[in-house]
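Take a look at the structure below.
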Amino acid sequence: MNNKRYAFGAGMMVIGLLGWWYNWYLAATEGYFRIKLCLLAPLGFFGGLLFLVRPDFAGPLRPNSSRGHKLALASVIAAMTIFSGIDFYRLKTSLTPKPAVITKWSPERGRPSVSFANAMTIPQKSQPTLLFQSRTYTLGSFNQKQNPMWEFVAPNENVNNWKTLLTLVDRADARSREDLDRLATGLMSTYQANNGRILLAKTFQDKSGAPYNYMVAAFEQPNRTHELNFVKIALAGDKAYVAIYGVRTADAKNFLTQNSTEIGRALNDLKVPHLDSLPRKTF
């Protein structure tokens, strides 16, 4: 009988710990967590502990319940409430962007693994265009130092002097959902290695239900302005692409508050042309 009691109590504690671990795993890999697990994990752990220590106190309250029984159940509920609140707060804050803390920027860091010195500027005539947030972006340059990359500029701007820039990168080395995760992790590491701050990293689904990875990175410029990169990493056909919407702003915090949701939706709805149809040389 004692062995069964110990096994049941220990099992509840293990389930509670696994629930806590799984919630943090979801937060770290998928960008969200389950509120129910914030409640059930501490309940399982402390309920199992009570069952191990005083199994006679583990049952529901009755009219003739002792003071010790009432205190034991009240202690379990109090511990569950406190630890659930702490866990929820920590999970919530771990997923909340902190745009006010932005690290040092240098010009080559806005787009990972790209050398501006090797970019080929393309004349502004009869070029491919992309429609983004009701603005028409025209192809301004092409670069193939590591991966084919196209930069689209807004009207009256160019690749050397821009306020907003839309970049597409062909990643034929990524062809599966697992490859997308690997690619996202690599890009995130590249940003961080170059003093970029990752403000947000999540997994979403487009209208067709296909998953894609999304992140927001920030850099500080020497003239006290900031560059923000909104990055979508998705599959198109049999290979992946990276779409980066770059913004230069003097007030990153307010810009994120007012525009991040709209930009995220626009990237979600972005109609990316077949990358093999885009020019890969100067013309």
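The values are calculated or read from the model by the stated rules, or taken from the named source; none is laboratory data. Just so it is clear, the structure is predicted and the values come from calculations on it, not from any experiment. Neighbour counts run over all protein chains shown; Cβ positions are idealised from the backbone, glycine included.
Taking the stretch 237-256, which residues are surrounded by fewer than 21 Cβ atoms within 10 Å (Cβ to Cβ) and more than 30 Å from Ala172 (Cα to Cα)?
Thr249, Ala250, Asp251, Lys253, Asn254, Phe255
Based on what the data block shows, is Ile244 touching a Lys or Arg at 6+ places or on another chain (Cβ under 9 Å), closer than 17 Å to Leu165 by Cβ and of a type in the set (Val, Ile, Thr)? Lay out the reasoning, then the answer.
Values: touching a Lys or Arg at 6+ places or on another chain (Cβ under 9 Å): yes; closer than 17 Å to Leu165 by Cβ: yes; of a type in the set (Val, Ile, Thr): yes.
Yes: the conditions hold for Ile244.
Output yes when any residue across the stretch 53-64 is crowded, with 18+ Cβ neighbours inside 10 Å, modelled with pLDDT of 80 or more, touching a helix residue (DSSP H, G or I) at 6+ places or on another chain (Cβ under 6 Å) and not β-branched (Val, Ile, Thr), and no when none is. Walk me through how you get there before you give the answer.
Residues of the stretch 53-64 crowded, with 18+ Cβ neighbours inside 10 Å: 57-58.
Remaining after also requiring modelled with pLDDT of 80 or more: none.
The answer is no, given that none of the residues of the stretch 53-64 is crowded, with 18+ Cβ neighbours inside 10 Å, modelled with pLDDT of 80 or more, touching a helix residue (DSSP H, G or I) at 6+ places or on another chain (Cβ under 6 Å) and not β-branched (Val, Ile, Thr).
Which number in (1) buried (at least 21 other Cβ atoms within 10 Å of the Cβ); (2) within 18 Å of Tyr241 (Cα to Cα); (3) over 20 Å from the mean Cα position of the chain (by Cα) marks the one condition that Ala174 misses?
All conditions pass for Ala174, except number (3).
Only one of (1) under 22 Å from Phe132 (Cα atoms); (2) buried (at least 21 other Cβ atoms within 10 Å of the Cβ) is not met by Gly196, so which one is it?
So Gly196 meets the others, but not (1).
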